[in-house]
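Below: one structure, written as structure tokens.
The values are calculated or read from the model by the stated rules, or taken from the named source; none is laboratory data. Just so we're clear, the structure is a prediction, and the values are computed from it rather than from any experiment. Every residue, glycine as well, gets a Cβ built from its backbone with ideal geometry; the counts of neighbours run over all protein chains shown. For accessibility, only protein heavy atoms count, side chains too; no ligands or nucleic acids. Shrake-Rupley method; radii C 1.70, N 1.55, O 1.52, S 1.80 Å.
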Amino acid sequence: PEQPVVLRGDPTRRDGRWQGVALLRSPQPSRWTHVEIRGATGIDRPGWRLPAALALRSAFLDLEHVRIVDSRARTSVLVESGQLDARGLAIVASAGTALELRDSTSTLEDVEVRDAMRNAIEAIDSQLRIAGGRIENVRGTALEAADASRVEARSLAIARVGIGATAKNGGLVDLAQSSLRDVAHAPFTAFTDRPELGGGEVRAADNDVAWTGDDDEARGAVAVVQRGSRAVIDGVEAPQVAAQIGELRMD
């Protein structure tokens, strides 16, 4: 813990940045403990490009006490058709989305996402379980489930975000025993921007929600739900609105 493995660019060259790490089609699991990735820009090689500081494709990665710091890539951690299990993962200062899952499964314990310029955690056609952690100072959405994803989160502290949790296009977010503070637009949203996939669904229970929205469309509503989608807050179904609400997204 006192001497982590540090992966970074050469500070004597240009601005010291580098492309990052790609783990592709590995038949064996990879396990990292006490590792820090600093200042990556995303993989950009002749003939192929993966715009992530840490890109995982068709592989299994197990992380314990790993930090991804100051990523300039579109996504700090990208998991495609793979599996990510992490305990004590911290993603700090992301120029884009912090963590993106595509057709993947992931379990996160004690996760930290801080200072992300887009979304904190996105799941697309994926399964995600989160147990404990915090998400703060995120321009976009803290948790997003899209395209039939299932996101289950417990014991999260969410603060200073654009939207707390979003379910869209057949996605489901199940958030419980968590707190939401200083939400700019709405704690929960459910909608579709791909009608062929159906609406989204939010289930929220036993959360501590305190916010003041600054958006006319969302002000005063804990959940903003497009017709055809659904949100159930502490056992009460939220009213639906006949409106396009995708513009509340901040990405």
Computed accessible area, D85, all protein chains, 1.4 angstrom probe, square angstrom: 30
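Round to a whole number: what % of the accessible area of the chain belongs to carbon and sulfur, probe 1.4 Å? Don't skip to the end; give the middle numbers.
Working: 5060 of 11200 Å².
Roughly 45 percent, rounded to a whole number.
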How much accessible surface area, in Å² rounded to 10, belongs to the heavy atoms of V79 with a 1.4 Å probe? 0
How much accessible area per residue does the chain have, in Å², with a 1.4 Å probe? 45
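So if I place +1 on the C-beta of Lys and Arg and -1 on the C-beta of Asp and Glu, and nothing else carries charge, what would the dipole magnitude of the chain be about its Cα centre? I want it in debye, nearest 20. Write down the numbers at each step before the final one.
Details: 31 positive and 37 negative charges, 176 e Å.
So the magnitude is around 840 debye.
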Looking at the chain as a GNM with Cα springs under 10 Å, which of T166, T41, T141 has the largest mean-square fluctuation? T41
What does the accessible area of D206 come to, in Å² to the nearest 10, when a probe of 1.4 Å is used? 110
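Using 0.36 nm per residue of separation minus the Cα-Cα distance, give me the extension gain between D208 and D110 in nm, one decimal.
Working: separation 98, 0.36 × 98 = 35.28 nm, distance 1.87 nm.
Difference between extended and current length: 33.4 nm.
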With 0.36 nm assigned to each residue of separation and the Cα-Cα distance removed, D193 to D103 gains 30.5 nm
Of V35, I124, F191, which is farthest on the positive side of the dipole of the chain, counting Cα position, with +1 on Lys and Arg Cβ, -1 on Asp and Glu Cβ, and the Cα centre as origin? V35
Euclidean distance between Cα centres, the stretch 145-195 to the stretch 1-79, Å: 27
For a quick check: with amide H placed at 1.01 Å from N, whose amide H comes under 5 Å from D193's, ignoring anything fewer than 5 positions away on the same chain? N169
Judged on accessible area alone, 1.4 Å probe, highest first, W48, W32 line up as W48, W32
Just N207, N169, N119 to compare: in a GNM of the chain, with alpha carbon springs under 10 Å, which one fluctuates most? N207
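For R31, R114, write out the residues from largest to smallest accessible area, computed with a 1.4 angstrom probe and no ligands counted. Intermediate results must be reported in sequence, preceding the final value.
Values: R31 165, R114 65 Å².
The ordering from most to least exposed comes out as R31, R114.
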Relative contact order of the chain, please, whole-number percent, based on alpha carbon pairs below 8 angstrom and at least 6 residues apart. 10
Whose amide H sits under 5 Å from the amide H of A22, counting only residues 5 or more places off or on another chain, with H placed in the peptide plane? A55
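Applying 1/(1 + (r/R0)^6) with R0 = 22 Å to the Cβ-Cβ distance of R14 and R49, what FRET efficiency is obtained, to the nearest 0.05? Display every interim value, and only then the final one.
Values: r = 19 Å, r/R0 = 0.87.
Given R0 = 22 Å and the Cβ-Cβ separation, E is 0.70.
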